[in-house]
Number of protein chains: 2
Amino acid sequence: MMRTRPLKVALLGCGVVGSEVTRIMTTQGADLAARIGAPVELAGIAVRRPNRVRAGVPAELLTTDATALVKRGDIDVVIEVIGGIEPVRTLITTAFEHGASVVSANKALLAADGATLHAAAAAHKVDLYYEAAVAGAIPLIRPLRESLAGDKINRVMGIVNGTTNFILDKMDSSGAGYSEALDEATALGYAEADPTADVEGFDAAAKAAILAGIAFHTRVTMDDVYREGLTEVTAADIASAKRMGCTVKLLAICERTVDGRSVTARVHPAMIPLSHPLASVREAYNAVFVEAEAAGQLMFYGPGAGGAPTASAVLGDLVAACRNKLAGTTGAGESAYTQLPVSPMGDVVTRYHISLDVADKPGVLAQVATVFAEHDVSIDTVRQQGKDGEASLVVVTHRAPDAALSATVGALRKLDTVRGVASIMRVEGE
Amino acid sequence: MMRTRPLKVALLGCGVVGSEVTRIMTTQGADLAARIGAPVELAGIAVRRPNRVRAGVPAELLTTDATALVKRGDIDVVIEVIGGIEPVRTLITTAFEHGASVVSANKALLAADGATLHAAAAAHKVDLYYEAAVAGAIPLIRPLRESLAGDKINRVMGIVNGTTNFILDKMDSSGAGYSEALDEATALGYAEADPTADVEGFDAAAKAAILAGIAFHTRVTMDDVYREGLTEVTAADIASAKRMGCTVKLLAICERTVDGRSVTARVHPAMIPLSHPLASVREAYNAVFVEAEAAGQLMFYGPGAGGAPTASAVLGDLVAACRNKLAGTTGAGESAYTQLPVSPMGDVVTRYHISLDVADKPGVLAQVATVFAEHDVSIDTVRQQGKDGEASLVVVTHRAPDAALSATVGALRKLDTVRGVASIMRVEGE
């Protein structure tokens, strides 16, 4: 019953991921054909530098004219692994206009403007799939959109950036400082020459926006996501976490607010207990923890980046898009019917771990405790350590709105007896 | 754009899972409608005992005539949560004949006769979905069938039975023996009055058959799965595992054979290193580890049973089946094109941990080592412990075919100096 006319695929971009996609499509064509129900053919590959040597990539397929490729009219599916906003957005919408479904790994574009792209795909009755945009090879978008479509997701909390997890894991296991761990990540190829997108949390924030939108059936963009990177995390923070039976992870957290009338999305370093499943995620691995009303607690774990893992996600989407093309249908599109607004960081309910340098004299703890009480922030534990006339005070709060916690820290800074706030970190996962 | 005529759903069975399905369908109808694109209506519920009190289940929907319900002709999707082979197989095929898609949680039926059911669904152009049949709420069937459709899966290894994981976790954490741990599992509701299906590995074997078929695109039935339960696992085995830095889990393992020309599927207790992600799966949780060529190592974790988690999986499938009905299409059906045969247990390459009671005299180790060598089984480590004239010898082998390992044990039993084989357990996950 297999159709003999092949489905035609255009590939935009042939870097680490694109080369792997090409390799698998050319070496495992028979398997892909059997799973799709028709042969699938790579019809063209748009690249910027056609003369660069790419092992295993058929040179005759290369073109520098991506626009002409997506406009050919005979392309069934366009795979986009270029990244960035433009010219990719224009290329994708042009592909839709010419009847092609699109498989993309582009988190930045989806997080910036997913709604427009979904609407364009729907208008042209084609698919837009992007499993590879979040957590690499880990099946996550499809499980959230389809497997959990009959459930109510309350929280998505994950490690979605491998570079920063590698750095934090290194700091935790070796006691290294941030710069030293970053250097090692760079040397081993886990961090890029300019690591800003990773270490400042931009990459994770884009993924958080995508996950929040899907989980809560609403629209969340990159701008809605509160973001703190890990450049301020110190070896002392990690040591402090250890004393609490915790480790530090850069988390993307998407939640419903307490009243259920809005959602929040944020990325920041946080202490989590060693007993939490996310605590044992090592090196550059990713893992996402999902809490749903009926399903309970689920976790998805795997490699979050890399050529082959990302290609696996891209090709899974390619098979789905091709099957739909053959059946003359499309998969589920955007689901944003709840129209839940995104609340600011101040509304998030969390806990703070605060480390203060204070004067070593009587009454300091009473003063500090008063400030917490004035802001309606309840204290869970306090640990005092004296050292040569100075002392440090480590306070862990109970759960309170981030705005109240943040105001408390502001007021503490103004106390004469508080010489400095050595570190502030949120505590999650309890 | 929402259709106003509702899709009609028939529910077969209203026990723990069916009641939860009913509860969610009646309380979260608006969400389901938004996600499907049309309202969905529970049109009838077939039960054996209509007079039993079921909180939240509309009495007017109950019927004892399941056959008449699936034959009504206006049913779009039948949800089957009765379990067992007959009359369920007949009911499902009757539903197909009357144009209904089927969502089932029935591992026994799928593992016994999945091919026939898939063929019947395809013949009537309807869907057969069964995410709930394996690992409860954990999205697993859909990720394997769809997300990894462009990849080559080499191994699936998982904890797919919550009852036995609870028992082994209890034995590991408290030092309890098997019977004591089983009693506790029964008291807490984790084990049924007759625990045979769980503790003898039948439940896990059915799931292994389903997973192997999907992962390797071939047909695997319950009868193809090698099966050992955990009733022989002793507190001494657990202690032995601990000394090796391991824990004992009842694993379902589906692999390609070394030459790639066949597959194997098996369920048995095994020692796995504490560093393996499956080692930290506690209580009645399930987790499945998947190794794919491009994706690398993935893990899926969550509650493997229970009313609400299973209902979550059922309703995810319901949404998919309803969307397909609206679009006039069906999802991906059975994929068994590789036709890879299933090899017997003897062909599986694994490692043994063997504990022998031996005479405490010179030359015993040499005798024992000779038996291993004669069977081409290479020894990794040996530990000798003397106690009052007797001694114990613990041997851990390198990887070898199970047939060779098994023959080695047979030959060891015949040695005069071997007084008994205290325990044999496979070692996995390294």
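The values are calculated or read from the model by the stated rules, or taken from the named source; none is laboratory data. Model, not experiment: these values are computed from the prediction. Glycine gets a Cβ as well: all are built from the backbone with ideal geometry, and neighbour counts include every protein chain shown. Ligands, DNA and RNA are excluded from the accessible area calculation, which covers all protein heavy atoms including side chains. Shrake-Rupley method; radii C 1.70, N 1.55, O 1.52, S 1.80 Å.
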Nearby lysines by direct alpha-carbon distance to A:K249 (threshold 23 angstrom, same-chain neighbours under 8 apart not counted): A:K107, A:K170, A:K207
The simple spin-label model distance between A:R261 and B:E60, using points 7 Å out along Cα→Cβ, in nm, is 3.5 nm
Between B:D380 and B:A30, what length comes free when the chain is fully extended (0.36 nm per residue of separation minus the Cα-Cα distance, one decimal in nm)? 120.0 nm
How much of the DSSP bridge set in chain A is antiparallel, in percent, rounded to the nearest 5? 70 percent
Computed on Cα atoms, the radius of gyration and Dmax of the stretch B:348-427 in angstrom are 11.6, 38
Once you order the gyration tensor axes a ≥ b ≥ c over the Cα atoms, which shape class does the stretch B:231-316 get: rounded for a/c under 1.5, otherwise prolate or oblate by comparing a/b with b/c? oblate
State, to one decimal in nm, how far the label point of A:K361 lies from the label point of A:E283, with both points 7 Å from Cα in the Cβ direction. 5.4 nm
At most 12 other Cβ within 10 Å, DSSP loop - trypsin sites (Lys or Arg not before Pro), the stretch A:1-35: A:R3
Along the charge dipole of chain A, pointing to its positive end and built from +1/-1 on Cβ of Lys, Arg, Asp and Glu, which listed residue (A:T64, A:M222, A:A422) has its Cα farthest out? A:T64
Rg and Dmax of chain B, Cα atoms only, in Å: 24.2, 85
What are the residues whose amide H is under 5 Å from the amide H of B:L62, where those residues sit 5 or more places off or on another chain and H is modelled from the backbone? B:I45
Inter-label distance for A:K71 and B:K71, nm, one decimal - labels placed 7 Å from Cα along Cα-to-Cβ: 6.2 nm
Gyration tensor on Cα atoms of the protein assembly as shown, a ≥ b ≥ c root eigenvalues, a/c under 1.5 rounded, else prolate if a/b beats b/c, else oblate, says rounded
Going through the stretch B:58-115, which trypsin sites (Lys or Arg not before Pro) have at most 16 other Cβ atoms within 10 Å and a DSSP loop state? B:K71, B:R72
Residue by residue through the stretch B:242-259, what is 3J(HN,Hα) from phi via Karplus (6.51 cos²θ - 1.76 cosθ + 1.60, θ = phi - 60°)? Round to whole Hz and write x for glycine and proline. 4, 4, 8, x, 10, 9, 9, 10, 8, 10, 9, 10, 10, 9, 7, 6, 4, 7
Give the carbon-plus-sulfur fraction of the accessible surface of the protein assembly as shown in %, rounded to a whole number; probe 1.4 Å, heavy atoms of protein chains only. 50 percent
Report the extension gain between B:S406 and B:D388 in nm, rounded to one decimal, defined as 0.36 nm multiplied by the number of residues separating them, less their alpha carbon distance. 3.5 nm
When the Karplus curve 6.51 cos²θ - 1.76 cosθ + 1.60 is applied with θ = phi - 60°, which whole-Hz ³J(HN,Hα) does each residue of the stretch A:35-50 get, with x for Gly and Pro? 7, 7, x, 6, x, 10, 10, 7, 9, x, 10, 8, 9, 7, 10, x
With heavy atoms of protein chains only and a 1.4 Å probe, what residues of the stretch A:298-328 have at least 50 Å² less accessible area in the full set of chains than alone? A:L298, A:M299, A:Y301, A:S312, A:R323
Provide the buried accessible surface between chains A and B in square angstrom, both chains summed, 1.4 Å probe, rounded to the nearest 100. 3700 Å²
Selection of GluC sites (Glu not before Pro), the stretch B:173-268, meeting DSSP coil and at most 16 other Cβ within 10 Å: B:E192, B:E232
How large is Rg/Rh for the stretch B:119-257, to two decimals, with Cα atoms and a Kirkwood Rh? 1.03
How large is the accessible surface per residue of chain A, computed with a 1.4 Å probe and reported in Å² as a whole number? 38 Å²
With chain A rotated onto chain B, spot the residue of A whose Cβ lies nearest the axis and note the distance in whole Å. A:T329, 2
When the charge dipole of the protein assembly as shown is computed with +1 at the Cβ of Lys and Arg and -1 at the Cβ of Asp and Glu, the Cα pointing farthest to the positive end, of B:T196, A:G175, B:G99, is that of B:G99
Computed ³J(HN,Hα) along the stretch A:181-192: with the Karplus parameters 6.51/-1.76/1.60, θ = phi - 60°, integer Hz and x for glycine or proline, the list is 5, 4, 4, 5, 4, 5, 4, 8, x, 7, 10, 7
Once amide hydrogens are built 1.01 Å from N within the peptide plane, the residues lying 5 or more places from A:A422 or on another chain with amide H under 5 Å from its amide H are A:S355, A:L356, A:D357
Magnitude of the charge dipole, the protein assembly as shown, Cβ model with Lys/Arg +1 and Asp/Glu -1, debye to 20: 1520 debye
With r defined as the distance between the Cβ atoms of A:A193 and A:D223 and R0 fixed at 30 Å, what FRET efficiency is calculated, to the nearest 0.05? 0.65
For the pair B:T234 and B:S275, what calculated FRET efficiency results from E = 1/(1 + (r/R0)^6), where r is the Cβ-Cβ distance and R0 = 22 Å, to the nearest 0.05? 0.35
